[in-house]
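Chemist: Quick one: the structure is below, questions incoming.
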Amino acid sequence: MKLKLIALCAALCLPTFGQAKTFKWASASDIATWDIHSQNNALQNGVHAAVYESLVYYNSRTFKIEPVLATAWNEVSPTQLRVTLRNGVKFHDGSAFTADDAVFSIQRAMAKTSNFTPYISGIERVVKVNNSTIDIITNGPNPVLLNQMTELRMMSKAWAEKNKSVDPKDIKTQEENFAHRNANGTGPFKLKEWKQDQRLVLEKNTAWWGSMEGNATEIVYTPIKAEATRIAALLTGEVDLVLDPSPQDLPRIRSNNALKVMDGVENRTIFFGMDHGRAELVGSNIKGKNPLKDLRVRQALNKAVDAEAITRVTMRGLGQPTAALIAPQVAGWSESLHRREPVDVEGAKKLLAAAGYPDGFEVDFACPNNRYINDEEICQAVTAMWSRIGIKAKLRTLPLVTYFPMIQRNEASIYMLGWGVPTFDAVYSLQSLVRSVGTGGDGNYNVGKYSNPKLDAIIDRAKTESDPFVRPRLLTEALEMAKNDVSHIVLHNQVIPWVMKKNIDVVHRADNRIDWRLVKVN
């Protein structure tokens, strides 16, 4: 009897091991690095947020800014924000989070090799007040400073110095630092394993300072490029959730009683950028000049694209055709900006002829093949549409990991980009995509080197304009000017459904990222 009681206790008195919950998910592409300031990529930023935390973050249900590693903030002056840091927070290596780490992390985001300059826009310097307080000094009023701070995650200064990772990895090169493959944050999960393009494993941080609403103790991510394979993995139970199902698979998924679909409009706009900078297009049959510098050519390319057909056929309805560079959730959007002209093939031909290219021309065309919904298929469709007006687009597609460094090296004549807006304010898009290349985030992703001095002036004014009546007018005016000048060829706002097993509970976010603190495996 005594032995039976001991055996029964051994079976029933294990409080934690039986409660372990593994959450397995998949998407088309892997992250490119674990260096939190190396590449500004939405998928990657969302994964990093499980391990590294920011001072503030968006509440996943209300999208209002809430405290994380900061507990309070107040405006000392229009150009000075005082931030009180949370006490008792530990990095995963056991060291304490202090003001030194906060100052270092923001300064690191300002480094030359950082790709996070949109989030430090307007920040002049960061000053340590005491061990739990910092001051952020700006070069003018910044009405979206807190929004920017949601993407500025904190790294241990001592850890970075010890491991020769003071500067961010330069994503445009093959050189690696220690922070590229290793992580030491304060977040609810720790990096356990990362085999790039194969498998990523995070384990619960049992010493995390916060409280977990979800119950996941382990997160396993598998990048699966092939759409059919991703869905097959969900159907067989290999994964619990797919972040980017193919549009053609959705009807049968919706009819499967073991699965559920969460629909939502993402704050991401899909468009094409163009090389406005070079005197001669690389790889084109037109020598001695760049046709893309001519507004009539850009208008012709835009008119030839049937965005409605792309949404209806290629996207199976998972798109919202638009001419605006931002989605409706973003400050500065308007219905007139959103309205797209109908396709006009004959009008496009006339514009090309007037510009001196009656027979069209050859042009390099680069797209990712595992980043956005049906990205490669969209580019194939557009290649066919442009061929109707004589444009011979030489399409090449690349995986995310090599695609983004390539376009940032300015090696594409026409390129696809999908731009989410973490600040939910149009300055983020205007400054990064349209503003002439400069310092402090100006032209951070203006890889086509578009430049319009009049537009620059409006954007620069909007950066520091806090008047609630003047600021929206400036944003809309700048977006209208970019639209009329065809700085980019805008296609649609992405509609992104998540598909998962019925026993999974998550909160769908407009920025298409999972809040790891809320994941429940029932």
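Chemist: Region 385-447 to region 449-522: how many Å between their Cα centroids?
Modeler: 15 Å
Chemist: Among the DSSP beta bridges whose two residues both lie in the chain, what percent are antiparallel, rounded to the nearest 5? Intermediate results must be reported in sequence, preceding the final value.
Modeler: Details: 56 of 75 bridges.
Here the antiparallel bridges make up roughly 75 percent for the chain.
Chemist: Please give the calculated 222 nm ellipticity per residue for the chain, where each DSSP H segment of at least 4 residues contributes -39500 (n - 2.57) and the sum is spread over every residue; nearest 500 deg cm²/dmol?
Modeler: Taking each H run of at least 4 residues, the total per residue is -7000 deg cm²/dmol.
Chemist: Using only Cα atoms, figure out Rg for region 362-420 and give it as a multiple of 2.2 N^0.38 Å.
Modeler: Rounded to two decimals, the normalised Rg is 1.08.
Chemist: Per-residue counts of other Cβ atoms within 10 Å, averaged by peptide: what ranking do you get for 119-129, 92-102, highest first?
Modeler: Numbers: 119-129: 19.6, 92-102: 18.1.
Result, highest mean Cβ count within 10 Å first: 119-129, 92-102.
Chemist: Say the cut-off is 31 Å between C-alpha atoms; which of LYS172/LYS293; LYS192/LYS520; LYS260/LYS392 go over it?
Modeler: Cα-Cα > 31 Å for LYS260/LYS392; rest within.
Chemist: Assuming R0 = 25 Å, can you tell me the calculated FRET efficiency for the pair LYS162 and ASN130, based on Cβ-Cβ distance, to the nearest 0.05?
Modeler: Result of the calculation: an efficiency of 0.55.
Chemist: So, one more: Keeping all protein chains in the complex and leaving out DNA, RNA and ligands, what accessible area do you get for PHE63 with a 1.4 Å probe, in Å² to the nearest 10?
Modeler: PHE63 exposes around 50 Å² with every protein chain in place.
Chemist: When you have a sec, figure out the Kirkwood radius of region 65-185 from all distinct Cα pair distances and drop it here in Å to one decimal?
Modeler: 15.0 Å
Chemist: So if I place +1 on the C-beta of Lys and Arg and -1 on the C-beta of Asp and Glu, and nothing else carries charge, what would the dipole magnitude of region 69-174 be about its Cα centre? I want it in debye, nearest 20.
Modeler: 240 debye
Chemist: Could you give the size of the charge dipole of region 312-376 about its Cα centre, using +1 on the Cβ of each K and R and -1 on the Cβ of each D and E, expressed in debye and rounded to the nearest 20?
Modeler: 300 debye
Chemist: Got a sec? What order do VAL421, VAL470 fall in by accessible area at 1.4 Å, biggest, i.e. largest, first?
Modeler: VAL470, VAL421
Chemist: What FRET efficiency would be calculated for the residue pair GLU477, THR79, taking the C-beta separation as r and a Förster radius of 41 Å, to the nearest 0.05?
Modeler: Calculated transfer efficiency: 0.95.
Chemist: Roughly what angle does helix 2-12 make with the longest principal axis of the chain, taking Cα atoms, 0 to 90 degrees, to the nearest 10?
Modeler: So the helix axis and the longest Cα principal axis differ by about 20 degrees.
Chemist: Sticking with this one: Provide the per-residue ³J(HN,Hα) series for region 297-306, in order, calculated from phi with Karplus coefficients 6.51, -1.76, 1.60 and θ = phi - 60°, each as a whole number of Hz, with x at glycine and proline positions.
Modeler: Values per residue, Gly and Pro as x: 5, 5, 5, 5, 4, 5, 5, 7, 8, 9 Hz.
Chemist: Along Cα→Cβ, 7 Å out, is where each label goes; now give me the distance between the ones at ARG396 and SER211 in nm to one decimal.
Modeler: Spacing of the two 7 Å Cα→Cβ label points: 5.5 nm.
Chemist: Lys and Arg at +1, Asp and Glu at -1: add these up for the other residues within a Cβ distance under 14 Å of VAL506 and post the number.
Modeler: +4
Chemist: Using unit Cβ charges (K, R positive; D, E negative) and no other charged atoms, how large, in debye to the nearest 20, is the dipole of the chain about its Cα centre? Could you put the intermediate results ahead of the total?
Modeler: Details: 64 positive and 56 negative charges, 173 e Å.
Value, rounded to 20: 820 debye.
Chemist: Using 0.36 nm per residue of separation minus the Cα-Cα distance, give me the extension gain between ASN522 and ARG409 in nm, one decimal.
Modeler: 36.1 nm
Chemist: I would also like to ask the following. Any aspartates and glutamates with Cα under 15 Å of the LYS128 Cα? List them, leaving off those in the same chain fewer than 8 positions away.
Modeler: ASP100, ASP101
Chemist: To continue, here is another question. Once label points are set 7 Å from the Cα along Cα→Cβ at both ARG388 and THR71, what is their separation, rounded to one decimal in nm?
Modeler: 6.2 nm
Chemist: Using 19 Å as the cut-off for backbone N distance, which residues of region 441-468 belong to the label zone defined by a point 7 Å from the Cα of LYS172 along Cα→Cβ?
Modeler: It comes to 441-451, nothing else.
Chemist: Moving to a separate point now. Using R₀ = 25 Å, calculate the FRET efficiency as 1/(1 + (r/R₀)^6) where r is the Cβ-Cβ separation of ARG61 and ARG254; round to 0.05. Intermediate results must be reported in sequence, preceding the final value.
Modeler: Working: r = 24 Å, r/R0 = 0.97.
Efficiency, rounded to the nearest 0.05: 0.55.
Chemist: Run through every distinct alpha carbon pair of the chain and return the Kirkwood hydrodynamic radius in angstroms, one decimal place. Can you show the working numbers first?
Modeler: Details: mean 1/r = 0.0412 Å⁻¹.
Mean inverse Cα-Cα distance, inverted, gives 24.3 Å.
The values are calculated or read from the model by the stated rules, or taken from the named source; none is laboratory data. Just so it is clear, the model here is predicted, and its values are computed rather than measured. No Cβ is skipped: glycine too gets one built from the backbone with ideal geometry, and neighbour counts run over all protein chains shown. Just the protein is used for accessible areas: all its heavy atoms, side chains included, with ligands, DNA and RNA removed. Shrake-Rupley method; radii C 1.70, N 1.55, O 1.52, S 1.80 Å.
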